[in-house]
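Q: Have a look at this one.
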Number of protein chains: 2
Amino acid sequence: MASIKDVASRAGVSVATVSRVLNEHPAVRPETRTRVLAAVASLGYRPNAVARSLRTDQTRALGLVISDVLNPFFTELARSVEDEARALGYSVVIGNADEQPALQDHHVRTLIDRRIDGLLVSPTDGGSPMITETAREGGTPMVFVDRWIPGLDVPVVRTDGTAAVRDLVAHLHALGHRRIAVIAGPAATTTGSERVEAFRQALGEYGLPLPREYVGQGDFQAASGRRVTAGFLDLARPPEAIFATDNLMALGAMDEIRARGLRVPDDVALAAFDDIPWFLHTAPPVTAIAQPTGELGRAAVRALVDRIEGRTAHSVTLTARLVVRRSCGETGDGGETGHTDETERSSR
Amino acid sequence: MASIKDVASRAGVSVATVSRVLNEHPAVRPETRTRVLAAVASLGYRPNAVARSLRTDQTRALGLVISDVLNPFFTELARSVEDEARALGYSVVIGNADEQPALQDHHVRTLIDRRIDGLLVSPTDGGSPMITETAREGGTPMVFVDRWIPGLDVPVVRTDGTAAVRDLVAHLHALGHRRIAVIAGPAATTTGSERVEAFRQALGEYGLPLPREYVGQGDFQAASGRRVTAGFLDLARPPEAIFATDNLMALGAMDEIRARGLRVPDDVALAAFDDIPWFLHTAPPVTAIAQPTGELGRAAVRALVDRIEGRTAHSVTLTARLVVRRSCGETGDGGETGHTDETERSSR
DNA sequence: CTGAAAGCGCTTACAG
DNA sequence: CTGAAAGCGCTTACAG
């Protein structure tokens, strides 16, 4: 591949001048500029970003470590992150932790070794050493998105689902459900514990208990949703309704319910945290709590770039909302509410 | 961040020696090695991959340019690519073309500027300049995955769906469907044209025509599936069955069918190319053609790494298979066939 | 077994 | 307006 030297000699100038032209430095004579540009074109020259990064100490790349790429929520998040980053002149390098702390650490380490300018992370567990260390030392600017780690001085861009969870409980209660179970995410993740806590709180407001056997421990992946659901259905008094705290565990729950020849909502009601286009077409359509995922990703990138470019970044909390469909039982109108942009959402 | 110089002075050796220890060069005295390692640990030193890349002319990173991250098929592909790459000691940098040739070119250019060691691409259209140029010049090793561009000397790792499409047509014919339409992908993509051609061929074997108005032009994204389906349903003689050549266009088709208050398969039968976990839970479960996606990604990485490391890479063609569910009508047994690993698939 | 030195491809203060 | 030179953080032939 042609280097800056080749361009310089072809244009009859020094590499410094070529560099100035490439970086749009104003102090270059127009004729010189033209000559350099011609040389660039005829050689098909492209600057070596690796060399440039070494020299300037910036890569114009952002790292994004997500818990699970196969989870449509994170896929959509990754997509909005990339869109916003590109708009601001950054590339993004994604690392998929697959809900494994060790893999998460591997990615954080690799990204830092590659000297990304900033790191966006949705931590898989509470205490990954690399992440804590990075946050403490402050070498690489970091922002948490969706999930975060308490006690670290890192901006957090996330969704508050408390009100939506309360709406969900009101909905379940109105439909007559009293024995209600929850499939929890890892307790060490904030989203894992918060969603269960909000749920417990809301149940309490209706005088409903959340007994230990109605709290199943999942890991945000489908297999765990299936396993936990099997446990619930094996109970002497199985729950009338199940709340899966993410969409993949809801998928696992549906797998198990279907395998047993049971039906939703007749035999068990089901609701999920995180809305995805397919929930509109499942049998029955799934009632879910929708996050403003696109805005979440964009706000996270903005916060991170603020930090990178020396501005102060602020945490952002967005609000989730309940989308009622039919998986918890028939409501009065039987239709879908609280959701005005279904077509747009599922038609991207 | 500590550099190799800091380590050298702390250990009382030259940077050359530190480098040798880091690269496990055998000719280092054990005591020296220990001293260097201690310095590395106490400083929390991590080698700068940017500098190393500049010096060694390799980044140990692979580029993956996919057509659409929001498509679960590509998400799964990306995941298997990353897994295999990591196993072979490479990172992967993903670029999402969003089915836009211009965006695809942007990513290819950016990845090449960053000097990735090799490029895996599933081309969005037929003639993207950057891709053709890269293939011709051979500067960066390249392998096509899923889709490819004819006439270029680039290994192709893909799935042959011809037999599965023929099985699908046999299935539709056995169920009594005669007026059968197809939602095509972009004609400039190989998967776009091949799937339609295989379908037309198979219909021909049953003496069924594929009239022009039964071929709708989509772009592999949901909105186009919806638009094309609307067109089909507005025909004086609408089709009895629709074959969507990817899962997102099937989603769009379901959106439109549902919006009109019609039902699958009673009013229209529906089948899709690409199988995804949700197809098991839709109303009704969707008959689909499944690709061995994981193996596709792994084989593509192996081929690319073969090229990068100077071995000869060979093209690979895997085989798709039909998974019969209920979206085309009831079969004798009413169940699912040709599919042994449903639980595993949807439970990852 | 170890070190001094060159060099990868850039950018940028410093001179002129 | 332009060039010579230093230097970013590494690796690696070359000496010793």
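Q: Can you tell me what percent of all Cα-Cα pairs in region B:139-179 are more than 11 Å apart?
A: Details: 585 of 820 pairs.
The answer is 71 percent, as a whole percent.
Q: At a Förster distance of 30 Å, what's the computed FRET efficiency of B:ALA163 paired with B:ASP234, Cβ-Cβ distance as r, to 0.05? Working shown, then result.
A: On the way: r = 33 Å, r/R0 = 1.11.
For R0 = 30 Å, the calculated efficiency reads 0.35.
Q: Report B:ARG311's accessible area, 1.4 Å probe, all protein chains in place, as a number in Å² to the nearest 10.
A: For B:ARG311, solvent-accessible area is about 120 Å².
Q: A follow-up question, please. Seen from all sides and averaged, what is the projected area of the convex hull of the Cα atoms in the protein assembly as shown, in nm²? Show your work: numbers first, answer last.
A: On the way: hull surface 138.6 nm².
That works out to 34.6 nm², a quarter of the Cα hull's surface.
Q: Continuing with this model, one more query. Evaluate the Kirkwood expression for the hydrodynamic radius of region B:4-47, namely the inverse of the mean inverse distance over all pairs of different C-alpha atoms, and round to one decimal in Å. Each step should come with its number before you reach the end.
A: On the way: mean 1/r = 0.1014 Å⁻¹.
So the Kirkwood estimate lands at 9.9 Å.
Q: Over the Cα atoms of region B:1-88, compute the convex hull volume and normalise it per residue, giving Å³. Write out the running numbers ahead of the final one.
A: Numbers: hull volume 11.6 nm³, N = 88.
Output value, Cα hull per residue: 132 Å³.
Q: For a paramagnetic label modelled at 7 Å from the Cα of B:ARG311 toward its Cβ, which residues of region B:135-149 fall within the zone defined by backbone nitrogen distances under 19 Å?
A: B:141-145
Q: Can you list residues from other chains, or at least 5 along the same chain, whose modelled amide H is less than 5 Å from the amide H of B:LEU270?
A: Long-range HN contacts for B:LEU270: B:ILE242, B:CYS328.
Q: Counting only residues 5 or more places away or on other chains, whose amide H sits under 5 Å from the amide H of B:VAL323 once H atoms are built in the peptide plane?
A: The list, which skips near neighbours in sequence, is B:ALA288, B:ILE289, B:ALA290.
Q: Residue by residue through region A:93-104, what is 3J(HN,Hα) from phi via Karplus (6.51 cos²θ - 1.76 cosθ + 1.60, θ = phi - 60°)? Round to whole Hz and write x for glycine and proline.
A: These are the phi-based 3J(HN,Hα) values: 10, 9, x, 9, 7, 6, 6, 10, x, 5, 5, 4 Hz.
Q: Using alpha carbons only, how many degrees (0 to 90, rounded to 10) separate the axis of helix A:222-234 from the longest principal axis of chain A?
A: Roughly 10 degrees between the two axes.
Q: Report the dimensions of region A:84-206 along its three principal axes from the alpha-carbon atoms, largest first, rounded to Å.
A: Cα extents, longest axis first: 55, 32, 25 Å.
Q: Which whole-Hz ³J(HN,Hα) couplings does region A:296-311 yield from phi under the Karplus relation 6.51 cos²θ - 1.76 cosθ + 1.60, θ = phi - 60°, glycine and proline marked x?
A: The phi angles translate into 4, x, 5, 5, 5, 5, 4, 4, 5, 5, 4, 4, 4, 8, x, 8 Hz.
Q: A further question on this structure: About its Cα centre, what dipole magnitude does the protein assembly as shown give when the only charges are +1 on Lys and Arg Cβ and -1 on Asp and Glu Cβ, stated in debye to the nearest 20?
A: Numbers: 78 positive and 88 negative charges, 474 e Å.
That gives the protein assembly as shown a dipole magnitude of about 2280 debye.
Q: Which one, B:GLY151, A:SER14, B:THR59, is farthest towards the positive end of the dipole of the protein assembly as shown when Lys and Arg carry +1 and Asp and Glu -1 on their Cβ?
A: A:SER14
Q: With +1 assigned to the C-beta of every Lys and Arg and -1 to the C-beta of every Asp and Glu, and no other charges, what is the dipole magnitude of region A:4-47 about the Cα centre in debye, to the nearest 20? It would help to have the intermediate numbers written out before the result.
A: Values: 7 positive and 3 negative charges, 8 e Å.
Dipole size: approximately 40 debye.
Q: On average, how much area does the Cα convex hull of chain A cover when viewed from any direction, in nm²?
A: Approximately 21.1 nm², given one-decimal rounding.
Q: Quick one: which residues, 5 or more positions from A:ARG60 or on another chain, have an amide H under 5 Å from its amide H? H modelled 1.01 Å from N in the peptide plane, none for Pro or chain starts.
A: A:ASP117
Q: Once every DSSP H run of n ≥ 4 in chain A is given -39500 (n - 2.57) and the sum is divided by its residues, what mean residue ellipticity at 222 nm do you get, rounded to the nearest 500 deg cm²/dmol? Don't skip to the answer; put the middle values down first.
A: Working: 13 runs with 152 residues, N = 348.
Counting only the DSSP helices, I get -13500 deg cm²/dmol.
Q: So, one more: Suppose every Lys and Arg Cβ carries +1 and every Asp and Glu Cβ carries -1, with no other charges. What dipole size does region B:22-68 come out with about its Cα centre, to the nearest 20 debye? Can you show the working numbers first?
A: Values: 7 positive and 4 negative charges, 54 e Å.
Taking the Cα centre of region B:22-68 as origin, the dipole is about 260 debye.
Q: Right, something else. Round to a whole angstrom and tell me the spacing of the C-alpha centers of region A:26-91 and region A:294-332.
A: 26
Q: Averaged per residue, what accessible area in Å² does region B:4-47 show with a 1.4 Å probe, protein chains only? Don't skip to the answer; put the middle values down first.
A: On the way: 2750 Å² over 44 residues.
I get 62 Å² per residue for this part.
Q: How big is the Rg/Rh ratio for region A:186-313, C-alpha atoms only, Rh by Kirkwood, two decimals?
A: Numbers: Rg = 17.2 Å, Rh = 16.1 Å.
Expressed as Rg/Rh, it is 1.07.
Q: Follow-up question, since we're still on this one. Per residue of region B:176-184, what does 6.51 cos²θ - 1.76 cosθ + 1.60 with θ = phi - 60° give for ³J(HN,Hα)? Whole Hz please, x for Gly and Pro, Karplus curve as stated.
A: x, 6, 10, 8, 10, 10, 9, 9, 8
Q: Kirkwood Rh over Cα pairs of region A:80-145 into Stokes-Einstein at 25 °C, 0.890 mPa s: D in µm²/s?
A: On the way: Rh = 12.3 Å.
Once the numbers are plugged in, D ends up at 200 µm²/s.
Q: Before we go on, tell me the buried accessible area for the B/A pair, both chains summed, 1.4 Å probe, in Å² to the nearest 100.
A: Details: alone 16530 and 16500 Å², together 27690 Å².
Counting protein atoms only, the buried area is about 5300 Å².
Q: Still on this model: Counting alpha carbon pairs within less than 8 Å and at least 6 residues apart, what relative contact order, in whole percent, applies to chain A?
A: Working: 652 pairs, mean separation 52.5, N = 348.
So the answer I get is 15 percent.
The values are calculated or read from the model by the stated rules, or taken from the named source; none is laboratory data. Note that the structure is predicted; figures quoted are calculated from it, not measured. Cβ sites come from the backbone with ideal geometry, for glycine too, and all protein chains shown count toward neighbours. The area values use the complete protein model at the heavy-atom level, side chains included, leaving out ligands, DNA and RNA. Shrake-Rupley method; radii C 1.70, N 1.55, O 1.52, S 1.80 Å.
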